[in-house]
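K.L.:
Here it is: the structure, laid out below.
The values are calculated or read from the model by the stated rules, or taken from the named source; none is laboratory data. Note that the coordinates shown come from a computational prediction; the quantities given were computed from them, not determined experimentally. With ideal geometry, Cβ positions are generated from the backbone for all residues, glycine too; neighbour counts draw on all protein chains shown.
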Amino acid sequence: MHGPIRHTGADRDDAVHRHRAGDDAPARPAPRGLLAVMILCLLCLAGATARTEPITAHDIYVLDGHTVDREGQPIVLMGFDVPNVDHPQCPSERALAARTAARLRQIVGRGSSLDLQMVACACPEGTEGTPACNKGALCGRLIVDLRDVGDMLVGENLAQVYVCSQHSCPRRPSWCP
């Protein structure tokens, strides 16, 4: 026969835990450091997806309905398309481009909280930041008072949803009747 069964403090703690939880299955302690690893992974994912830079309305200048300038660097706002202000195809596109730019200026000017999230441009690999990619402009998303400005402009029929793949964008939609 075997000798008496000895219980350790951990066994008693598991028994108390099972009793409190109402579970008769043996409880397994969580691996050490699991929480620290999970937090580290979340921080890495957050840092890899977008860099957020809090700004004020005085830090940026609206160039058109989807381009802003920050410290001399143009930034194309991604996720939506607006009428072309530089080369409109018809008078209604020209008028809508002006309205869209004015509305973006208004949104930025009235915003109490602005975040500029820099994102990767949808350009051929190795061309981001060069004239071959958005004429040298970087890419980003502008969040004003916790709302993406693209979503606001789309909701007001001043922009259209426009999603690019990793290295290219689809043909731009027409803004003319």
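K.L.:
Taking residue 125 as the residue in question, decide whether it is exposed (fewer than 14 other Cβ atoms within 10 Å of the Cβ), of a type outside the set (Ser, Thr, Tyr) and more than 16 Å from residue 156 (Cβ to Cβ).
P.N.:
Answer is yes for this residue.
K.L.:
Which of the residues belonging to the stretch 62-94 are more than 20 Å from residue 120 (Cα to Cα) and either touching a His at 6+ places or on another chain (Cβ under 8 Å) or polar (S, T, N, Q) (or both)?
P.N.:
Across the stretch 62-94, the qualifying residues are 84, 89, 92.
K.L.:
Looking at the stretch 150-177, which of its residues are surrounded by 14 or more Cβ atoms within 10 Å (Cβ to Cβ) and modelled with pLDDT of 90 or more?
P.N.:
Listed by number, the residues that qualify are 150, 151, 152, 153, 154, 158, 159, 160, 162, 175.
K.L.:
Checking residue 106 against (1) without any contact (Cβ under 8 Å) to a residue 24 or more places away in the chain; (2) more than 21 Å from residue 154 (Cβ to Cβ): exactly one of these is not met. Which one?
P.N.:
With (1) without any contact (Cβ under 8 Å) to a residue 24 or more places away in the chain; (2) more than 21 Å from residue 154 (Cβ to Cβ) applied to residue 106, the lone miss is (2).
K.L.:
Related question: Does residue 99 fit the bill of being surrounded by fewer than 19 Cβ atoms within 10 Å (Cβ to Cβ), in a loop (DSSP other than H, G, I, E, B), of a type in the set (Lys, Arg) and out of contact with any helix residue (DSSP H, G or I) (no Cβ under 9 Å at 6 or more places or on another chain)?
P.N.:
Here the answer is no, as residue 99 does not meet what is asked.
K.L.:
Evaluate the stretch 66-87: report whether one residue or more is modelled with pLDDT under 95, of a type in the set (A, V, I, L, M, F, W, C) and exposed (fewer than 15 other Cβ atoms within 10 Å of the Cβ).
P.N.:
The answer is no; no qualifying residue exists.
K.L.:
Taking residue 142, is it in a strand (DSSP E or B), modelled with pLDDT of 95 or more and not acidic (Asp, Glu)?
P.N.:
Spelling it out, residue 142 is indeed in a strand (DSSP E or B), modelled with pLDDT of 95 or more and not acidic (Asp, Glu).
K.L.:
Check off (1) crowded, with 17+ Cβ neighbours inside 10 Å; (2) free of Cβ contacts under 8 Å to residues at least 40 places away in the same chain; (3) out of contact with any Lys or Arg (no Cβ under 8 Å at 6 or more places or on another chain) for residue 147 and give me the number that stays unchecked.
P.N.:
Here residue 147 meets the rest and fails (1).
K.L.:
Quick one: is residue 146 touching a Gly at 6+ places or on another chain (Cβ under 9 Å) and of a type outside the set (Val, Ile, Thr)?
P.N.:
Taking the combined requirement at face value, the residue does not satisfy it.
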